[in-house]
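Trainee: Provided herewith is a single structure, encoded as structure tokens, for subsequent inquiry.
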Amino acid sequence: MQGFAPLARTILFVAALAGIGAGSVGAALHLVSTVPLILKAEAYEEGAAPDAALAETAAAHTHAGTDAAGAHQHAGTDAAAAGHDHGAGAWEPTPGLERNGLTLLFTLLTGFGFALLLVAASELAGGLASWRQGIGWGLAGFAVFTLAPGLGLPPELPAMPAAELMDRQIWWSVTALATALGLACLAFGPRPLHAALGVLLIAAPHLVGAPQPASYESPIPEGLHHSFVVASILASFVFWVLLGGLAGWLRPIVARHQAEPAARPA
Amino acid sequence: MTKLPAPGHPATATHPGNPASLPLDAASPAARALAVSLAALLGVLVLGGVGFSHVEAVHNATHDVRHANAFPCH
């Protein structure tokens, strides 16, 4: 397996560093933009006046301490089937530092995961050579993992009606995969026929349609949801541009370092 | 970060022979395929754990990240 280790180390290091960089900025953006809107939605979910509930964040978010049946009534959906029964005794973070700390940690991990996919895919095309090229790949990632799935399944707040979780997860994953393959056909396909296939692949999941809830009745005001959709997609855009740019900038540097020992004959 | 690629590392070349990837050109096609596949698999596992887990405690821990990043959550 000649040359496996330097390449594998390069992919891992670049993905880890880019993931940490973009993840930190992404987490900071989310903590000031989307997370406050999630907390606001939970106040509506609890059925309390949102302002009063927000003032008492601790009270509003102690899911375990509240009556699960009353606190988590999902309009139009079966709470148990939707898998949102926090009251079942499962562990959950305490509001504030623990909850936001986990958001930071898992946003970093999300960054690492997406960076692994971005760097792996770009290696198939010869490897990222510059930060600008990386931004191009980052925009592709934004299209694949935010725009395409979000077209059928827009970012949702707690207490919003939604179809069966598993169905949505499958549609989300298939849509991301089809969009990635479609973009690859558009960007690298040698013939116009490949471009046509790319367009078809990207459109197909939307022609099938995302799983929709039985009813759209929701305790969440439309204005709050709209603000959340804008904030979520905007944060994702910054995250992907940064992730791609960092990966593209770091890849040649890390690759040179990884290959150095091999370049010197013993 | 705003520096242009160093001479000999043009940003335009994307084929496997481009100078930026020269240090890793020693990788055989099989090694390249394995490294890329393992990296992608690890990425899918990490994202699956954070964004798609049905384990209640994991869901609660990643709750805000799932909503904020528009992973299907509930």
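The values are calculated or read from the model by the stated rules, or taken from the named source; none is laboratory data. Since the model is a prediction, treat every value here as computed from it, not as a measurement. Cβ sites come from the backbone with ideal geometry, for glycine too, and all protein chains shown count toward neighbours.
Trainee: Need pairs with beta-carbon distance below 8 Å; first residue more than 7 Å from chain B (Cβ to nearest Cβ) and within the range A:100-123, second in a helix (DSSP H, G or I) and among the basic types (Lys, Arg); sequence gap 6+ or separate chains.
Mentor: Pairs found: A:SER122/A:ARG251.
Trainee: While we're looking at this one, here's another question. Which one of B:HIS9, B:HIS15, B:HIS67, B:HIS74 is at pLDDT below 90, at the interface with chain A (Cβ under 7 Å from one of its Cβ atoms) and closer than 27 Å to A:LEU224 by Cα? Quick ask: steps written out before the conclusion?
Mentor: On the way: B:HIS9 fails: closer than 27 Å to A:LEU224 by Cα; B:HIS15 fails: closer than 27 Å to A:LEU224 by Cα; B:HIS67 fails: at pLDDT below 90.
Being at pLDDT below 90, at the interface with chain A (Cβ under 7 Å from one of its Cβ atoms) and closer than 27 Å to A:LEU224 by Cα holds for just one of B:HIS9, B:HIS15, B:HIS67, B:HIS74, which is B:HIS74.
Trainee: Could I ask something else about it? Taking the conditions exactly as written (farther than 27 Å from A:GLY19 by Cβ and surrounded by fewer than 18 Cβ atoms within 10 Å (Cβ to Cβ)), does A:GLY198 satisfy them or not?
Mentor: Details: farther than 27 Å from A:GLY19 by Cβ: yes; surrounded by fewer than 18 Cβ atoms within 10 Å (Cβ to Cβ): no.
No: the conditions fail for A:GLY198.
Trainee: Next up: Would the range A:231-240 turn up any residue that is modelled with pLDDT of 95 or more and among the hydroxyl-bearing types (Ser, Thr, Tyr)? Can you show your working first?
Mentor: Initially, the range A:231-240 is screened for residues modelled with pLDDT of 95 or more, giving A:231-240.
With the extra rule that they be among the hydroxyl-bearing types (Ser, Thr, Tyr), the set shrinks to A:232, A:236.
Yes, there is a match, as at least one residue in the range A:231-240 is modelled with pLDDT of 95 or more and among the hydroxyl-bearing types (Ser, Thr, Tyr).
Table: residues versus (1) within 27 Å of B:ASP25 (Cβ to Cβ); (2) touching a helix residue (DSSP H, G or I) at 6+ places or on another chain (Cβ under 9 Å); (3) of a type outside the set (Phe, Trp, Tyr).
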| position | (1), (2), (3) |
| --- | --- |
| A:GLU123 | yes, yes, yes |
| A:PRO158 | no, yes, yes |
| A:TRP172 | no, yes, no |
| A:ALA180 | yes, yes, yes |
| A:PRO192 | no, no, yes |
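Rundown of residues vs (1) out of contact with any Leu (no Cβ under 8 Å at 6 or more places or on another chain); (2) more than 21 Å from A:LEU200 (Cβ to Cβ); (3) more than 7 Å from chain B (Cβ to nearest Cβ), yes/no style:
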position: A:ARG132; (1), (2), (3): yes, yes, no
position: A:TRP137; (1), (2), (3): no, yes, yes
position: A:ALA140; (1), (2), (3): no, no, yes
position: A:GLY150; (1), (2), (3): yes, no, no
position: A:PRO155; (1), (2), (3): yes, yes, no
position: A:MET166; (1), (2), (3): yes, yes, yes
position: A:ILE170; (1), (2), (3): yes, no, yes
position: A:SER173; (1), (2), (3): yes, no, yes
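Trainee: Now a separate question. Scan the range A:233-259 and report the pairs whose first residue is free of Cβ contacts under 8 Å to residues at least 60 places away in the same chain and crowded, with 24+ Cβ neighbours inside 10 Å and whose second residue is in a helix (DSSP H, G or I) and of a type in the set (D, E, K, R), with Cβ atoms within less than 8 Å and a gap of 6+ or a chain change.
Mentor: none
Trainee: Moving on. A:LEU243: under 24 Å from A:GLY21 (Cα atoms), under 15 Å from the mean Cα position of the chain (by Cα) and in a helix (DSSP H, G or I), yes or no?
Mentor: Details: under 24 Å from A:GLY21 (Cα atoms): yes; under 15 Å from the mean Cα position of the chain (by Cα): yes; in a helix (DSSP H, G or I): yes.
Yes; evaluated as a whole, the condition is true for this residue.
Trainee: Which one of the conditions (1) surrounded by fewer than 22 Cβ atoms within 10 Å (Cβ to Cβ); (2) over 18 Å from the mean Cα position of the chain (by Cα); (3) closer than 19 Å to A:GLY244 by Cβ; (4) not hydroxyl-bearing (Ser, Thr, Tyr) does A:GLN133 fail to meet, given that it meets all the rest?
Mentor: (1)
Trainee: While we're on this one: Could you grab me the full set of residues in the range B:47-58 that are at the interface with chain A (Cβ under 7 Å from one of its Cβ atoms) and farther than 17 Å from A:ILE170 by Cα?
Mentor: Across the range B:47-58, the qualifying residues are B:GLU56, B:ALA57.
Trainee: Please specify each residue of the range B:31-46 satisfying the condition of being more than 7 Å from chain A (Cβ to nearest Cβ) and either surrounded by 19 or more Cβ atoms within 10 Å (Cβ to Cβ) or in contact with a Leu (Cβ under 8 Å, 6 or more places away or on another chain) (or both).
Mentor: B:VAL44
Trainee: Now a separate question. Within the range A:18-68, track down each residue that is more than 16 Å from the chain's Cα centre (by Cα), modelled with pLDDT of 80 or more and part of a helix (DSSP H, G or I). Quick ask: steps written out before the conclusion?
Mentor: Taking the range A:18-68 first, the residues more than 16 Å from the chain's Cα centre (by Cα) are A:32, A:36-37, A:39-68.
Checking the rest, the ones that are also modelled with pLDDT of 80 or more come to A:32, A:36-37, A:39-46.
Those that are more than 16 Å from the chain's Cα centre (by Cα), modelled with pLDDT of 80 or more and part of a helix (DSSP H, G or I): A:VAL32, A:PRO36, A:LEU37, A:LEU39, A:LYS40, A:ALA41, A:GLU42, A:ALA43, A:TYR44, A:GLU45.
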